[in-house]
Amino acid sequence: MSQRQLIHGFHAITARLRHHPESIQVIYLDQSRRDRRAKDLAAAAEARGVRVVLADGARVEEMARGKSQGVVASADPIQLAKDLDSVLEDLTEPALLLVLDGVTDPHNLGACLRSADAFGAHAVIAPKDRAAGLSAVAMKAASGAAESVPYLTVTNLARTLRELKDRDILIVGTDDEAAGTVMDADFSGPAALVMGAEGAGMRRLTREHCDLLVRIPMFGQVESLNVSVSAGVCLYEARRQRGVAG
């Protein structure tokens, strides 16, 4: 049996209740919370047959290391897709994937999942090593997107990029020094956007597997954007080219 995980935060737990209530074993709710948000969550849990335990607020905070918002759930991990094949086989439109190379901050991972969900990316792909995992912190930052966007971890990212190329998926890497902008890329067909870690950017081998390198044009004084903001900008451009209907 998979090791259970702790989920904290109202958005993350509400999304899990909505999409996968059977995975939740129990929800611990700060007994001092009597606001509408807490009552709505308790009602949603009861409607889905999920047990809610009223607990001491300090205990709830301790379980979530001080980031609970007064609610923590113990749940079995879920996997929206086992592998890339299961993501791609049922698509009715060209694939749009987000690849994260070396993003280690769980808050950034969660925010990238939110961007992926907002702009209809079909999956987020990242290496298993030297990358943020789908922890409670990442799921809370994702505000429910972890329940709707498959997060695939791969042993060898370079090999995965080669497999994507073999499927005729365009690999578009982002680089602040690239000659062309993201608006110059053609996202009408299957595409994978590759975002590097802040500061270090993409690794050399990852860069070598890109078909095209692009940058986000900047007009202010700052030189770079947070990786999740960059992902949102690039994914939006891909969707803009494909049309807003969807």
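The values are calculated or read from the model by the stated rules, or taken from the named source; none is laboratory data. Keep in mind the model is a prediction, meaning the values are calculated, not measured. Every residue, glycine as well, gets a Cβ built from its backbone with ideal geometry; the counts of neighbours run over all protein chains shown. Protein only, heavy atoms only, side chains kept; ligands, DNA and RNA dropped before computing areas. Shrake-Rupley method; radii C 1.70, N 1.55, O 1.52, S 1.80 Å.
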Go ahead and set up a Gaussian network model of the chain, Cα springs under 10 Å, then flag whichever of Asp30, Asp101, Asp56 fluctuates most. Asp56
At most 10 other Cβ atoms within 10 Å and a DSSP loop assignment: could you name the trypsin sites (Lys or Arg not before Pro) in segment 1-97 that fit? Arg34, Lys82
With a 1.4 angstrom probe the carbon and sulfur portion of accessible area for the chain, in percent, totals 48 percent
Angle check, please: helix 106-118 long axis (alpha carbons) against the longest principal axis of the chain (alpha carbons), in degrees 0 to 90, nearest 10. 70 degrees
Please compute the contact order of the chain in relative form: average sequence separation of alpha-carbon pairs under 8 Å and at least six residues apart, divided by the residue count, as a percent. 20 percent
Using a Gaussian network for the chain with springs between C-alpha atoms less than 10 Å apart, which of these wobbles most: Pro150, Pro77, Pro106? Pro77
Can you tell me the equivalent ellipsoid semi-axes for segment 81-139? Use √(5λ) from the Cα gyration tensor, largest first, whole Å. 21, 13, 9
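Taking a ≥ b ≥ c as the square roots of the Cα gyration tensor eigenvalues, with a/c under 1.5 meaning rounded and otherwise prolate when a/b beats b/c, else oblate, which class fits the chain?
Details: a/c = 2.15, a/b = 1.91, b/c = 1.13.
Taking the square roots of the gyration eigenvalues as a ≥ b ≥ c, the chain is prolate.
With every protein chain left in place, what is the accessible area per residue of segment 1-121 in square angstrom, probe 1.4 Å?
Dividing the accessible area of segment 1-121 by its residue count gives 53 Å².
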Ordering Thr160, Thr104 by how much accessible area each has at a 1.4 Å probe, largest first, what is the list? Thr104, Thr160
Quick one: grab Rg to one decimal and Dmax as a whole number for segment 1-126, Cα atoms only, in Å. 16.6, 49
Measure nothing but the geometry: give the 0 to 90° angle between the long axis through the Cα atoms of 157-166 and the longest principal axis through the Cα atoms of the chain, rounded to 10°. 60 degrees
Would you calculate the convex hull of the Cα atoms in segment 101-246 and tell me its volume per residue in Å³? 112 Å³
With label points set 7 Å from each Cα along the Cα-to-Cβ direction at Glu177 and Ser32, the distance between them in nm comes to 5.3 nm
Estimated 222 nm signal from helices in the chain, with DSSP H stretches of n ≥ 4 weighted -39500 (n - 2.57), rounded to 500: -10000 deg cm²/dmol
Express the relative contact order of segment 1-74 as a whole percentage, based on alpha carbon pairs under 8 Å and six or more residues apart in sequence. 48 percent
In whole Hz, the Karplus estimates of ³J(HN,Hα) for segment 73-80 (6.51, -1.76, 1.60; θ = phi - 60°; x where Gly or Pro) are 10, 9, 9, 7, x, 10, 10, 6
To the nearest 10 degrees, how steep is helix 36-47 against the longest Cα principal axis of the chain, on a 0 to 90 scale? 80 degrees
Tell me, what is the 1.4 Å probe accessible area of Glu93, in Å² to the nearest 10? 70 Å²
Only sites in a loop by DSSP and with at most 16 other Cβ atoms within 10 Å count here; which trypsin sites (Lys or Arg not before Pro) in segment 155-192 make the cut? Arg167
